[in-house]
Amino acid sequence: MAEILYDSDNDRARGVRVIDAVTNEEMEFEARVLFLCASALESTRLLLNSRPDRFPDGLGNSSGELGHNLMDHTMQSGATGLVPGLDDRNAYGNRPNGLYVPRFRNVWDEHPDFLRGYGFQGSASRAGWSRGFGMPGFGADFKEALREPGPWVMRFNGFGECLPRHSNYVEIDPEEKDKWGVPVLRIHCEWSDNERTMLRDMSVAAGEMLEAAGCTDITPFSNDSPPGLTIHEMGTARMGRDPDTSVLNGYNQCHDVPNLFVTDGAAMASSACQNPSLTYMALTARACAYAVEQLQRRGL
């Protein structure tokens, strides 16, 4: 998809212009209601590339907030530890998930160093023969020793909330285009001191939990994982009650273009610390129900 077509006489989106991925043929399709759910950055890219006279900075961007407040989750900070005993036990089968520790910072008591919080995803496992890649030795005795599983290891990996900040934003690159001639995004995003402080706290708290649980040889870690690595992109077309400070209303409906809905991560006004996909699905279901109701009442 290359562009959303806009009917200036009726202040409505009238359809889309698409480019065939194989033949490069351009086509137009018209619709009474449009839903964008192409992922946070691609939906916003499409809106920014759609520039009718009324919206020279991107369709639905009278607030100037389109493209701003980009967020991702912080991760790769936590700790590992050895679990003593249980040498007669081993993991088997395929588990649907690991363990999860819900957010506990800034829930009841205010943390002095940072806002919001994080949760831990984790697991316990015993290393198999592949641990030999990082061990010295070779030969028959070495191989035989690797037939026995290694010690139990518990791992906590934090996933933290990123604050929405106007300075984290995307814009249309003035020169670069994709293979179909559609301008691509230029991304400006970095962690603030709040996220960096939270990452450090993840490793400390994870180590404390493992120590309290009786683990030994605890190894905290805090890697420099930049925004985008967690692939939980959110924001850039956020919802809100005030059209002057947001792009969408509470039903994911564009303030400026009533028959246009955006139901992916672009709509998020904050990131929380949980995996966000189920939230997008719930928002989409609610927006669809609202759109059907409005169509039946001839409100769209």
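The values are calculated or read from the model by the stated rules, or taken from the named source; none is laboratory data. Note that the structure is predicted; figures quoted are calculated from it, not measured. Note: ideal-geometry Cβ built from the backbone for every residue, glycine included; neighbour counts use all protein chains shown.
Observations
- Complete set of residues in region 162-187 that are surrounded by fewer than 13 Cβ atoms within 10 Å (Cβ to Cβ) and closer than 26 Å to residue 272 by Cβ: 166, 167
- Residue tally, condition buried (at least 16 other Cβ atoms within 10 Å of the Cβ) and either touching a residue at least 40 places away in the same chain (Cβ under 8 Å) or closer than 18 Å to residue 122 by Cβ (or both), over region 222-242: 11
- For residue 237: the one exception among (1) under 28 Å from residue 40 (Cβ atoms); (2) out of contact with any Phe, Trp or Tyr (no Cβ under 7 Å at 6 or more places or on another chain); (3) not assigned by TED's automatic domain parsing to the domain that holds residue 43: (3)
- When the criteria are applied in full, residue 295 meets the requirement of being within 21 Å of residue 6 (Cα to Cα), surrounded by fewer than 20 Cβ atoms within 10 Å (Cβ to Cβ) and touching a residue at least 24 places away in the same chain (Cβ under 8 Å).
- Cβ-Cβ under 6 Å pairs, at least 6 apart or on other chains, region 75-96 side closer than 28 Å to residue 231 by Cα, far side among the basic types (Lys, Arg) and surrounded by 11 or more Cβ atoms within 10 Å (Cβ to Cβ): 80/155
- If the condition is being exposed (fewer than 14 other Cβ atoms within 10 Å of the Cβ) and either within 22 Å of residue 219 (Cα to Cα) or within 19 Å of the chain's Cα centre (by Cα) (or both), then region 70-96 contributes 84, 85, 86, 87.
- Taken together, the residues in region 177-190 that are among the β-branched types (Val, Ile, Thr) and assigned to a strand (DSSP E or B) amount to 2.
- Residue 152 in contact (Cβ under 8 Å) with a residue 24 or more places away in the chain, within 18 Å of residue 123 (Cα to Cα) and outside the structural domain of residue 265 (by TED's automatic domain parsing): yes
- Candidate set from region 191-220 (those that are among the acidic types (Asp, Glu) and either in a helix (DSSP H, G or I) or not assigned by TED's automatic domain parsing to the domain that holds residue 103 (or both)); member that is farthest from residue 121 (Cα to Cα): 193
- The lone exception for residue 44 - which of (1) touching a residue at least 40 places away in the same chain (Cβ under 8 Å); (2) in contact with a Phe, Trp or Tyr (Cβ under 9 Å, 6 or more places away or on another chain) it fails: (2)
- Failed condition for residue 21, given (1) surrounded by fewer than 18 Cβ atoms within 10 Å (Cβ to Cβ); (2) of a type in the set (A, V, I, L, M, F, W, C); (3) assigned by TED's automatic domain parsing to the domain that holds residue 246; (4) not in a loop (DSSP other than H, G, I, E, B): (4)
- Under the condition of being within 22 Å of residue 251 (Cβ to Cβ) and among the hydrophobic types (A, V, I, L, M, F, W, C), the residues counted in region 49-78 number 4.
- The residue that is farthest from the chain's Cα centre (by Cα), among those in region 268-282 that are under 19 Å from residue 249 (Cβ atoms) and part of a loop (DSSP other than H, G, I, E, B), is 269.
- Some residue of region 142-149 being out of contact with any Pro (no Cβ under 9 Å at 6 or more places or on another chain), under 25 Å from residue 210 (Cα atoms) and either of a type in the set (Phe, Trp, Tyr) or loosely packed, with under 12 Cβ neighbours inside 10 Å (or both): yes
Each row is one residue, and each column tells you yes or no for (1) of a type outside the set (D, E, K, R); (2) closer than 20 Å to residue 49 by Cα; (3) free of Cβ contacts under 8 Å to residues at least 24 places away in the same chain.
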site	(1), (2), (3)
172	yes, yes, no
178	no, yes, yes
184	yes, yes, no
197	yes, no, no
204	yes, no, yes
209	yes, no, no
212	yes, no, yes
216	yes, no, no
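- Reported count of residues in region 129-171, each being assigned to a loop (DSSP other than H, G, I, E, B) and out of contact with any Ser or Thr (no Cβ under 7 Å at 6 or more places or on another chain), is 14.
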